[in-house]
Amino acid sequence: MKATAGPWTEITGRKAGLTIDGLTDRPEPMRLIGRSTPTATRIVCAVPMDKGDDANFKLVAAAPELSEALRSTFNCLTSFRDDLHGYADGAIESARAALEKAGVTAGMNPAGMRHET
């Protein structure tokens with residue numbers, strides 16, 4: 001699976017007026033997250049505009065940067081795993097599991113991947 005490249009931002013203005021199946025008939029207003037280029041707009045998520053959903057909106061919008069930061073941290077930790085004497089094993093496993101759950105394992109250090117026996 002290849003995710004839409006970042007950065008993701010709020011889609012506003014004229015581009016936000018796009019007709020999107022399943023969203024145009026919703027009773028509550030939605031904030032759209034995606035990537036805009038001069039030639040195309042790609043919506044990746046819609047978040048309700050409720051007061052409490054601002055944190056969710058920001059988290060989703062930051063997903064590409066968070067994913068890359070976690071992958072970089074994972075690769076760094078696994079590169080020095082022997083020198084860390086097990087101190088980072090929990091963090092390495094948590095990072096690996098999160099990246100696998102998100103389906104973004106490309107570019108991960110194979111030394112840190114779980115090997116099935």
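The values are calculated or read from the model by the stated rules, or taken from the named source; none is laboratory data. The shown structure was predicted, so the numbers you read here are calculated from the model rather than taken from an experiment. Here the Cβ is made from the backbone with ideal geometry for all residues, glycine too, and neighbour counts use every protein chain on show.
Laid out as a table, the results:
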| quantity | calculated |
| --- | --- |
| Residue that is surrounded by the fewest Cβ atoms within 10 Å (Cβ to Cβ) [pool: residues in region 29-56 that are among the hydroxyl-bearing types (Ser, Thr, Tyr) and under 13 Å from Thr9 (Cα atoms)] | Thr37 |
| Any hit, region 83-98, residues being under 30 Å from Ile11 (Cβ atoms), assigned to a helix (DSSP H, G or I) and free of Cβ contacts under 8 Å to residues at least 12 places away in the same chain | no |
| Residue pairs meeting the criteria (Cβ under 6 Å; at least 6 apart or on separate chains; first of a type in the set (D, E, K, R), in region 38-59; second surrounded by 15 or more Cβ atoms within 10 Å (Cβ to Cβ)) | Arg42/Gly34; Arg42/Arg35; Asp53/Val47 |
| Candidate set from region 76-102 (those that are among the polar types (S, T, N, Q) and surrounded by fewer than 16 Cβ atoms within 10 Å (Cβ to Cβ)); member that is farthest from Ala5 (Cα to Cα) | Ser79 |
| Conditions (1) in contact with a Pro (Cβ under 8 Å, 6 or more places away or on another chain); (2) closer than 15 Å to Ala5 by Cα; (3) modelled with pLDDT under 90: number failed by Thr105 | (1) |
